[in-house]
Amino acid sequence: MTPNDTLIGAGFADPVFQSQGAFRALLAALSEPGLACDLGDAVVPPAGLEPATAVALLTLADYETPIWLPAALRDGPAGAWLRFHCGAALVDDPAKAAFAVIDGAATEPKLAAFNAGDDQFPDRSTTVLVQCAGLDGGEAVTLEGPGIAGQRSIAPTGLRPAFWAEVEDNAAVYPLGVDVLLVHGAQVLGLPRSTQIVEIR
Amino acid sequence: MTDIATRQHWMAVLARATQGEIDALLQQAGPLPTHELLKAPETGTVMVEGRAGGAGRRFNLGEATVTRCVVRLEGGAMGFSYALGRDGRKARLAAVTDALLQSEIETGPLRRGVFALAQKQQAARELASRKAAATKVDFFTLVRGG
Amino acid sequence: MYVAVKGGEAAILATHDLVAEARRGDENVPELGVAQIREQMGLACGRVMNEGSLYDPDLAALALKQAQGDAIEAAFLMRAYRTTLPRFGSSEPLDTAKMSIRRRVSATYKDLPGGQVLGPTYDYTHRLFDFTLMDQAAPAESPARPATQPLDASMPRVPDILGAEGLMEEEAPPAGDPRPFDLTREPVTFPADRDVRLQAMARGDEGFMLGLGYSVQRGYGNSHPFVGEVRVGEVAVEYVPEELGFAVDLGDVTLTECQMVNQFAGSKEVPPQFTRGYGLSFGHSERKAMSMSLVDRALKAREFGEAATYPAQQDEFVLYHSDNVEAAGFVEHLKLPHYVDFQGELELIRRIRKEREQRLADQQSEALPEAAE
């Protein structure tokens, strides 16, 4: 027995329907950027993961999708939990990750450190889950792009100062680039690479 | 604490055992202990890899059905089962057995039961090998001339 | 005008019932059990597992029962079922040197370590009917008598013996021992690497592979093959679950492996030597493994600087046509309604016929006055 054994909580009680429900919500989040979607409370997440992060990774990640986590999470219960439930490998190199979880307030790693895909397979980029302090109450950011009729305004909090500049740079390399999911609590808000930042106030 | 090689050995024996054999084994050790299903019995596949020429480049031969189950006993011990096939009940019983074996002393009833199963499996392998050996060719050369 | 046609639901439901009746046959004859098929039609189950690309003898037997013994239809059922299952991961590469041997023969060496083990084979039968099998007699005791001693615990693979002399093309993993390409997950591109070719052939149609292998021998592939070794037996499958971090033995699979040895005269870069073709298949399926090994060698033409003149040497041809589920789908879809397509063709033919008749009539009327002169 390893010390982590006793720490691992259960996954989905009903894997088929709970993962399909979460998948539908994630699809909605990325197809209507800026609209927060609820992923529910199907699992008790391990320390360090927001509930929506845990549900999203349980739904999307498997042994073929390496995950990058900050070192503290990787070596703690979160890493053990993901290994156990997803069978996913945890990688040190952000560029090798299919999924990544980062702390929105931390200065590193930058979005550009992750895999932006290549010209032949832009879809092989990293999907970055950015855990932040809240999805409203912060400075207003106006979005434009596919999935948004006209413009949409969001106001997440707890993001590093240069974060929006990174999102702009990411959108500029379209069709390459990472897809971002802002996560807080059970909620997730999509910022795919196709979304443009119009204004920050 | 069990060393990994010992645990690998009993997991291999359990993977080759039938549901009935594992059931009988567990009954010898008393009533089925209360356990939580961390991963309910689930059937999926494992892609089986071969190597070109037997030792060269890896390639995918094809998948095989595999059923797995992970349980946790009340005391906290986790038991795993991964085996070919689609028998969910066997997977659950094997996972419970794996969990129990980890805290059992070497002379316990489960250890002895696993040992007996291993011997039975070895005997079946040996019989198959002896039947194959009966078809081994003895060449003899006819010597002609001086 | 495009006319969508609906209908046929009742007819389709009725055909489900009728095919169930046809499958069952005469109800006075006892129904086949899946276990009977698994145990008594094991070679057919092996073929279905190979072409269905899924090792599960029970499911292969069920597939054969449900498909009335149609191997391709049965493989299709296996493929369809496979897509409903999650994949836990990839096994550790199989170690066929550790096979529990039931059959192992070599055509290149008489006295090889471990010996020639004929095993269960039809090779030395006379292909005369055994009419006693017609009788539903009580099960007789197995006539197979074991020898007093089992086979050697370890049997070296034959090409490794020649390899020690340096006369055999080396088979070693490329740098870093990369994970193999998986054609069920990623699109195939050409030229295809060996891992892609071997995966495609392992799930390829036995008849197609046999025909291609035969073509190689008959001169459409410039090959001089010998069976270095065929071995059949059980091999343990090991898998490392990410959460455990050590290898778990999942049980045994039955495999057939063929190592084909081919003479090679050498090229500017490569000295004369023996080159290799490899075949590996689920179950006891020698014909498949041997055919695969012949075509594997033929497909190495590019690597050895040989002209790829013949079908068996062309990876695109072989890989695009070996999958019988794909091939059957495309061939058999022709029987499905093409009413609109055909209506279009019909109208086109009528129009150009009319135009041609008009043209001929015009030419004739132009020619007539001259003829009258």
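Side notes on the structure shown:
- Annotation note: of C:ASP323, C:ASP315, C:ASP296, the sole residue that is in contact (Cβ under 8 Å) with a residue 40 or more places away in the chain, open to solvent by less than 90 Å² (accessible area, probe 1.4 Å) and out of contact with any Gly (no Cβ under 8 Å at 6 or more places or on another chain) is C:ASP315.
- Qualifying residue in the stretch A:140-155 (condition: under 18 Å from the mean Cα position of the chain (by Cα) and part of a loop (DSSP other than H, G, I, E, B)): yes
- Filtered residue count, the stretch C:232-287, keeping only those that are modelled with pLDDT of 95 or more, over 26 Å from the mean Cα position of the chain (by Cα) and of a type outside the set (Phe, Trp, Tyr): 4
- Of the residues making up the stretch B:57-88, those that are more than 9 Å from chain C (Cβ to nearest Cβ) and either assigned to a loop (DSSP other than H, G, I, E, B) or out of contact with any strand residue (DSSP E or B) (no Cβ under 6 Å at 6 or more places or on another chain) (or both) are B:GLU74, B:GLY75, B:GLY76, B:ALA77, B:ASP87.
- The residue that is nearest to B:GLU104 (Cα to Cα), counting only those in the stretch B:1-24 that are out of contact with any Leu (no Cβ under 9 Å at 6 or more places or on another chain) and small (Gly, Ala, Ser), is B:ALA5.
- Test for C:THR275: is it among the polar types (S, T, N, Q), assigned by TED's automatic domain parsing to the domain that holds C:VAL158 and open to solvent by 10 Å² or more (accessible area, probe 1.4 Å): no
- Every condition in (1) touching an Asp or Glu at 6+ places or on another chain (Cβ under 8 Å); (2) under 23 Å from B:ASN60 (Cα atoms) holds for C:GLY114 except the one numbered (2).
Residue by residue, here is whether (1) open to solvent by less than 10 Å² (accessible area, probe 1.4 Å); (2) under 17 Å from C:PRO311 (Cβ atoms) holds:
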| site | (1), (2) |
| --- | --- |
| C:PRO174 | no, no |
| C:PHE181 | no, no |
| C:VAL188 | no, no |
| C:MET201 | yes, yes |
| C:SER215 | no, yes |
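- Set side by side, the residues A:PHE114, A:PHE84 differ, and just one is in contact (Cβ under 8 Å) with a residue 24 or more places away in the chain and either within 14 Å of another protein chain (Cβ to nearest Cβ) or out of contact with any Phe, Trp or Tyr (no Cβ under 9 Å at 6 or more places or on another chain) (or both), which is A:PHE84.
- For the stretch C:94-114, the count of residues that are surrounded by 13 or more Cβ atoms within 10 Å (Cβ to Cβ), under 30 Å from C:GLY25 (Cα atoms), among the charged types (D, E, K, R) and within 11 Å of chain B (Cβ to nearest Cβ) is zero.
- For the stretch A:49-63, filtered to residues that are touching an Asp or Glu at 6+ places or on another chain (Cβ under 9 Å) and open to solvent by 20 Å² or more (accessible area, probe 1.4 Å), the residue that is nearest to the other protein chains (Cβ to nearest Cβ) is A:TYR63.
- Set side by side, the residues C:PRO187, C:PRO178 differ, and just one is touching a strand residue (DSSP E or B) at 6+ places or on another chain (Cβ under 8 Å) and of a type outside the set (A, V, I, L, M, F, W, C), which is C:PRO178.
- Look at the stretch C:1-21: where a residue is of a type in the set (Phe, Trp, Tyr) and a partner is part of a helix (DSSP H, G or I) and modelled with pLDDT under 95, sitting 6+ places away or on another chain with Cβ atoms under 9 Å, you get C:TYR2/C:VAL340.
- Whichever residue in the stretch B:19-54 is among the small types (Gly, Ala, Ser) and open to solvent by 40 Å² or more (accessible area, probe 1.4 Å) and, among such residues, is farthest from C:ALA164 (Cα to Cα): B:ALA29
- Qualifying residues in the stretch A:86-105 (those that are outside any strand (DSSP E or B) and open to solvent by 30 Å² or more (accessible area, probe 1.4 Å)) - the one farthest from A:PRO161 (Cα to Cα): A:ALA89
- All of C:GLU243, C:GLU257 fail the test of being buried (at least 18 other Cβ atoms within 10 Å of the Cβ), within 11 Å of chain B (Cβ to nearest Cβ) and more than 18 Å from B:ARG51 (Cα to Cα), apart from C:GLU243.
- Within the stretch B:1-56, if we keep just the residues that are among the acidic types (Asp, Glu) and assigned to a helix (DSSP H, G or I), the residue that is nearest to the chain's Cα centre (by Cα) turns out to be B:GLU21.
- Residue within the stretch C:21-32 that is open to solvent by less than 50 Å² (accessible area, probe 1.4 Å), small (Gly, Ala, Ser) and at negative phi present: no
- Residue in the stretch C:217-235 that is surrounded by fewer than 24 Cβ atoms within 10 Å (Cβ to Cβ), touching a residue at least 24 places away in the same chain (Cβ under 8 Å) and within 11 Å of chain B (Cβ to nearest Cβ) present: yes
- Taking the stretch C:76-93 as the range and being away from chain B (no Cβ under 11 Å) and either open to solvent by less than 70 Å² (accessible area, probe 1.4 Å) or part of a loop (DSSP other than H, G, I, E, B) (or both) as the test, the residues that pass are C:LEU77, C:ALA80.
- Residue in the stretch C:34-52 that is open to solvent by less than 60 Å² (accessible area, probe 1.4 Å), more than 27 Å from C:CYS258 (Cα to Cα) and more than 10 Å from chain B (Cβ to nearest Cβ) present: yes
- Residue in the stretch C:142-152 that is within 12 Å of chain B (Cβ to nearest Cβ), open to solvent by less than 40 Å² (accessible area, probe 1.4 Å) and over 23 Å from the mean Cα position of the chain (by Cα) present: yes
The values are calculated or read from the model by the stated rules, or taken from the named source; none is laboratory data. Fair warning: this is a prediction, and the values are worked out from it, not measured in the lab. Note: ideal-geometry Cβ built from the backbone for every residue, glycine included; neighbour counts use all protein chains shown. Note: areas computed on protein heavy atoms with side chains; ligands, DNA, RNA excluded. Shrake-Rupley method; radii C 1.70, N 1.55, O 1.52, S 1.80 Å.
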